[in-house]
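Notes to accompany the following structure.
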Amino acid sequence: AYLSVIEAIKHAAWHLKRKPIIHWLNAEEYERNSAKLKDLSLYDGLIVPGGFGKRGVEGKLKAIRYVRENKIPFLGLCYGLQMAVVEFARNVCRLRGAHTTEIKPDTPHPVIHILPEQAENLKENKFGGSMRLGSYACVFTPGTKAAAAYGEKDTRERHRHRYEVNNAYKEVLEKAGLVISGLNPERNLVEIVELKDHPFFVASQFHPELQSRPLVPHP
């Protein structure tokens, strides 16, 4: 399920003349034993990839908090972005009980939620066509790590998710220090978030994929 993530890590590392060493971590272990969080200091970075469901969610939130507070590089992908926003809302914005409505529909602070036009279908258990799928535009905020990484003003990336950052909480999140560094211009949806006072803390709603960009046309 995570082959695209693995291949993206490999190619990025090879481009930088490095050998990638990937360790798979069990988020549920952090739920059972918070003392194991200190083991994250042994790694050069943490990736929380895409996913669904409640398994290991609280462990992921604990891990994200640990790397945020201890300045360990972090990359969140799709669900990883959603968890990063939930963690920030809880522990920095002090929004007690903040969550994604995917896991806790009655959360007092739905910082991650379903789009309004999708809600009716989900109430009737009609999941078909309820995801944001395919290629979507993303416009970068100048001066951010995301803009520097791409070296462009905008991009298009592949999406496969159903839940979004709740725009009703954008102001409180930004005031507390969360940087929204990428937005979808058509819907004003959050695509990328990051932190300023951190070596590298970036998360995106889209997924990694290898993009072929030939320097010359195919003969």
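The values are calculated or read from the model by the stated rules, or taken from the named source; none is laboratory data. Keep in mind it's a predicted model, so treat the numbers as computed, not measured. Cβ: placed from backbone, ideal geometry, glycine included. Neighbour counts: every protein chain shown.
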*Those residues that are surrounded by 15 or more Cβ atoms within 10 Å (Cβ to Cβ) and assigned to a loop (DSSP other than H, G, I, E, B), I need them from segment 151-185; list them, please.*
162, 166
*Report yes if some residue within segment 34-45 is aliphatic (A, V, I, L, M) and either touching a residue at least 60 places away in the same chain (Cβ under 8 Å) or touching a strand residue (DSSP E or B) at 6+ places or on another chain (Cβ under 7 Å) (or both); otherwise report no.*
yes
*Mind telling me which of the residues 9, 72 ends up being at pLDDT below 95 and over 15 Å from the mean Cα position of the chain (by Cα)?*
9
*Collect the residues in segment 190-219 that are of a type in the set (A, V, I, L, M) and either farther than 26 Å from residue 115 by Cα or at pLDDT below 95 (or both), keeping them in residue-number order.*
210, 215, 216
*asked:* I'd like the full set of residues that are closer than 21 Å to residue 198 by Cα, in a helix (DSSP H, G or I) and touching a Gly at 6+ places or on another chain (Cβ under 6 Å), limited to segment 8-53.
replied: none
*Go through segment 54-108 and give me each residue that's assigned to a strand (DSSP E or B) and out of contact with any His (no Cβ under 9 Å at 6 or more places or on another chain).*
75, 76
